[in-house]
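Here's the structure, in structure tokens; my notes come after.
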Amino acid sequence: MEKPVIIREMQKADIPEVLRLMEAIVVFEGDTDFSLTENDLLKRGFGDRPEFGAIVAQGEKNQLIGIAVHYNIPFMHNHNPSLMLKWLYVDTNHRGKSVGRKLLSGLAKYAMKHGYKKFNWFVLGSNVEAQKFYQSIGANPDNKWIRWTITPDNMVQLSKE
């Protein structure tokens, strides 16, 4: 019998596994510029003012099988912080077992516990499966906002103006 998945907040001891899962999602997204280290995650994820957190899915042998990495925008126009989901990732051999749904449920509990009214995230336009999954949990695309990016070359040019 398979051990039930435990959903909980990230702990310092999870850092090696969180790093492994972070790199896996960056590779999945088609990027090759992954340079985070365990030290980076320890420094940025813990302490007086952590810059990010994660809800983790712990499987058999205490190995992490999924993560929901989040960060907050300190305040918005209404003086309330905004919670952002940075990455949701489940190991490929654990997909289809509701782990992603459980991670988002854990993030929803975290959000309510800490006074967030909602949370937001971005999805690759080409990741149709993820979009279907998000719709299945009651999420909807935010057609009000479009993500914009300035490339390094254009940023250099703009800085000269």
Lone qualifier among 146, 73, 150, 67 - being over 20 Å from residue 24 (Cα atoms), among the β-branched types (Val, Ile, Thr) and under 16 Å from the mean Cα position of the chain (by Cα) | 73
When you look at residue 21, is it open to solvent by less than 80 Å² (accessible area, probe 1.4 Å), at pLDDT 95 or above and part of a loop (DSSP other than H, G, I, E, B), yes or no?
-> no
Taking the options 60, 17, 51, name whichever one is without any contact (Cβ under 8 Å) to a residue 40 or more places away in the chain and either out of contact with any Ser or Thr (no Cβ under 8 Å at 6 or more places or on another chain) or among the aliphatic types (A, V, I, L, M) (or both).
-> 51
Only residues that are open to solvent by less than 60 Å² (accessible area, probe 1.4 Å) and among the β-branched types (Val, Ile, Thr): list them for the range 100-135, please.
-> 123
Right, residue 7: open to solvent by less than 80 Å² (accessible area, probe 1.4 Å), in a strand (DSSP E or B), hydrophobic (A, V, I, L, M, F, W, C) and in contact with a Phe, Trp or Tyr (Cβ under 7 Å, 6 or more places away or on another chain) or not?
-> no
Residue in the range 26-39 that is of a type in the set (Val, Ile, Thr), within 25 Å of residue 147 (Cα to Cα) and not in a loop (DSSP other than H, G, I, E, B) present = yes
Output the number of the condition that residue 62 fails; it satisfies all remaining conditions of (1) in contact with a strand residue (DSSP E or B) (Cβ under 7 Å, 6 or more places away or on another chain); (2) under 14 Å from residue 10 (Cα atoms); (3) modelled with pLDDT under 95.
-> (1)
Can we say residue 24 is under 23 Å from residue 131 (Cα atoms), touching a Ser or Thr at 6+ places or on another chain (Cβ under 9 Å) and touching a residue at least 40 places away in the same chain (Cβ under 8 Å)?
-> yes
Filter result for the condition that a residue is at pLDDT below 95, on the phi < 0 side of the Ramachandran plot and either hydrophobic (A, V, I, L, M, F, W, C) or assigned to a helix (DSSP H, G or I) (or both), over 80, 93 = 93
Out of the range 66-99, which residues are hydroxyl-bearing (Ser, Thr, Tyr), over 17 Å from residue 7 (Cα atoms) and open to solvent by 30 Å² or more (accessible area, probe 1.4 Å)?
-> 71, 92
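The values are calculated or read from the model by the stated rules, or taken from the named source; none is laboratory data. All values derive from a computational prediction rather than experimental measurement. Reconstructed Cβ throughout: ideal geometry from the backbone, glycine too, with neighbour counts over all protein chains shown. Side chains included, ligands, DNA and RNA excluded: accessible areas come from the protein's heavy atoms. Shrake-Rupley method; radii C 1.70, N 1.55, O 1.52, S 1.80 Å.
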